[in-house]
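Asker: Here it is, the structure, as structure tokens.
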Amino acid sequence: MYRKIIKPFFDKLTALIALVIASPIFIIVSIMLALFQNGRVFFTQKRPGLNEEIFLLIKFKTMRDDRDENGELLPDQLRLTWIGKIVRKTSMDEIPQLLNILKGSMSFIGPRPLLVEYLPLYSKEQSKRHLVTPGITGWAQINGRNTISWQKKFEYDVWYVQNQSFLLDLKIVFMTIFKVFKAEGISAEGMATMEKFKGNNR
């Protein structure tokens, strides 16, 4: 009952309230990004959600789209803008995902929705992370975020799926606030975010 009725109701109610309260920040960040990123404010990308159903995730855009001579995107750390660094460090880039929560494709708490291209790379156990609605923050995010290995991150995700409860979600909320203020786990060593997942044998 908590997972299917109570949590989705409070997710949407809280997202609506948070969006109203955060609207001044939403507007200011949008203007700043538009000014210093050639008008590019939002980043959208298809991601797998509950039961691997694909949805369109929306975040504030923190990187340029600079490419090398072969047309490939440059490494994250070379594309991250100075305003993007601030937005990412303070986790303000997550604010637009309140719209995803209102649509029901995301929750506040749950495994992070990752790239569609990762779907065939998961083990059967790792795929269990899609048995719940993905979240803005989750058990893996408060236990290392981008500084832990992919395998450990997936272990945390599956553990959350198997142990989801109101008290656990409440703990994750408070721990997330603490982590945001300390700006912990935002980047893997030597990278702006984290290296792509290439499968369990690599």
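The values are calculated or read from the model by the stated rules, or taken from the named source; none is laboratory data. Here the structure is a predicted model, which is why all the values come from computation and not from measurement. Note: ideal-geometry Cβ built from the backbone for every residue, glycine included; neighbour counts use all protein chains shown. For the accessible areas, the whole protein counts, side chains as well, though only heavy atoms, and no ligand, DNA or RNA atoms are used. Shrake-Rupley method; radii C 1.70, N 1.55, O 1.52, S 1.80 Å.
Asker: Would you mind getting the accessible area per residue of the chain, heavy atoms of the protein chains only, 1.4 Å probe, in Å²?
Answerer: 57
Asker: Sorting check: for 120-126, 143-149, which peptide has the highest mean count of neighbouring beta carbons within 10 Å, and how do the rest follow?
Answerer: The most tightly packed comes first, giving 143-149, 120-126.
Asker: Net charge within 15 Å of T81 by Cβ-Cβ distance, Lys/Arg positive one each and Asp/Glu negative one each, not counting T81 itself?
Answerer: Combined, the nearby Lys, Arg, Asp and Glu give +4.
Asker: Mean-square fluctuation check for the chain, GNM, Cα pairs under 10 Å: which of F174, F42, F154 is largest?
Answerer: Highest fluctuation among the options: F174.
Asker: What does the charge add up to near V116, with Lys and Arg as +1, Asp and Glu as -1, over the other residues with Cβ less than 12 Å from its Cβ?
Answerer: Local net charge: -1.
Asker: Could you tell me whether the stretch 107-163 comes out rounded, prolate or oblate from its Cα gyration tensor? Rule is a ≥ b ≥ c as square roots of the eigenvalues, rounded for a/c under 1.5, then prolate if a/b exceeds b/c, otherwise oblate.
Answerer: rounded
Asker: 7 Å from Cα along Cα→Cβ at both E53 and F166: what's the point-to-point distance in nm?
Answerer: 2.5
Asker: Which cross-chain or sequence-distant (5 or more) residues have an amide H under 5 Å from the amide H of F55, H modelled 1.01 Å from N in plane?
Answerer: R47, G49
Asker: If packing is taken as the average count of other Cβ atoms within 10 Å, what order do 61-67, 22-28, 94-100 fall into, highest mean first?
Answerer: Result, highest mean Cβ count within 10 Å first: 94-100, 61-67, 22-28.
Asker: Between E155, E69, E52, where does the largest GNM mean-square fluctuation fall for the chain, given springs only between Cα atoms within less than 10 Å?
Answerer: Among E155, E69, E52, the largest mean-square fluctuation in the Gaussian network model of the chain belongs to E69.
Asker: May I pose another question? Considering only protein heavy atoms and a probe of 1.4 Å, how much of the accessible area of the chain is carbon and sulfur, as a whole percent?
Answerer: 62
Asker: If you don't mind, another one. Could you tell me which of rounded, prolate or oblate describes the chain, using a ≥ b ≥ c as the square roots of the eigenvalues of the alpha-carbon gyration tensor, with rounded for a/c under 1.5 and, failing that, prolate when a/b is larger than b/c and oblate otherwise?
Answerer: In terms of gyration-tensor shape, oblate.
Asker: Taking square-rooted eigenvalues a ≥ b ≥ c of the alpha carbon gyration tensor, is the stretch 82-125 rounded, prolate or oblate, where a/c under 1.5 means rounded and, failing that, a/b exceeding b/c means prolate?
Answerer: Verdict is oblate for the stretch 82-125.
Asker: Ok, one more. Check G135: other-chain or 5+ apart residues with amide H under 5 Å from its amide H, H built from backbone geometry?
Answerer: S107, G110, R112
Asker: Right, something else. Report the gain in length on full extension from I25 to E94: 0.36 nm times residue separation, minus Cα-Cα distance, nm rounded to one decimal.
Answerer: Computed gain between I25 and E94 is 23.7 nm.
Asker: Length gain on complete extension for the stretch L119 to L16, per 0.36 nm per residue less the alpha carbon to alpha carbon distance?
Answerer: Working it through step by step, the gained length comes to 34.0 nm.
Asker: Which lysines does K4 reach when only Cα atoms under 29 Å apart count, and residues fewer than 8 places away in its own chain are ignored?
Answerer: Those lysines meeting the cut-off are K12, K46, K59, K103, K124, K128, K152, K153, K171, K179.
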